[in-house]
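What follows is a single structure, written as structure tokens, with notes after it.
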């Protein structure tokens, strides 16, 4: 019943003349909040934001110059992994990543007192495929490793959590991220399919098995450092989505008076 009331308010607000719409929304929002349904309002706002984020990932945002991100087209990327067992220098060309748009939100808690947002999100399956890879490396710094061909990587169960501290944009219209704390992630499963490594054939299976073990071990061992490096980039990327969305007035109505 509470949800029906909220949806009815939204429908009436949408049908109202443009000049009266914002005033009506604020008045009814505050009235509804005063009846003790604060959590419903917070959840409705959060759900809307995640729906908008998913829409941008799958469809892009032409006005902001944001392309479609699922599939994400990667013309080329260079990956270097120095490990004890195997050293990898891998270049991928004409690659794309799919699955980001299928993200699942496990937890989303808004703390209006400190203006922070705790999130726990996973991507069930992330696939990265490349038309061509160029691999150079070695086993134990002694046995050479090389190959060229097609490549497919499957990441299963990627999950990350973080605490986002929020701020108001300069034009006072949008919710932006000020900083991120406690960023952590896990990659439980990783599958590699490099075709043509060290001549192909049965060697492919051996190389792929080693690559899988080494990458999982490397990521888990250095995930703290990786998360720290990714922190700043993540703030910039997320703020690209958030800037331009007229969301601050919703949060402002939830903040302590």
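The values are calculated or read from the model by the stated rules, or taken from the named source; none is laboratory data. Not measured: the values here are computed from a predicted model. Please note: Cβ atoms are built from the backbone with ideal geometry, for glycine as well, and neighbour counts cover all protein chains shown.
Take residue 144 and tell me if it is surrounded by fewer than 18 Cβ atoms within 10 Å (Cβ to Cβ) and within 27 Å of residue 82 (Cα to Cα). So residue 144 fits the description; yes. I'd like the residue in region 131-140 that is touching a strand residue (DSSP E or B) at 6+ places or on another chain (Cβ under 7 Å) and in contact (Cβ under 8 Å) with a residue 40 or more places away in the chain and, out of all such residues, is surrounded by the most Cβ atoms within 10 Å (Cβ to Cβ). For region 131-140, the residue satisfying everything is 137. Selection within region 237-257: residues that are assigned to a helix (DSSP H, G or I) and out of contact with any strand residue (DSSP E or B) (no Cβ under 9 Å at 6 or more places or on another chain). The member of this set that is nearest to residue 68 (Cα to Cα) is 237.
Against the numbered list (1) under 19 Å from residue 123 (Cα atoms); (2) modelled with pLDDT under 90, residue 221 comes up short only at (1). Looking only at region 156-196, residues that are part of a loop (DSSP other than H, G, I, E, B) and touching a strand residue (DSSP E or B) at 6+ places or on another chain (Cβ under 6 Å) come to 5 in all. Filtered by the rule that a residue be touching a helix residue (DSSP H, G or I) at 6+ places or on another chain (Cβ under 8 Å) and over 19 Å from residue 41 (Cβ atoms), region 210-257 gives 219, 226, 240, 241, 243, 244.
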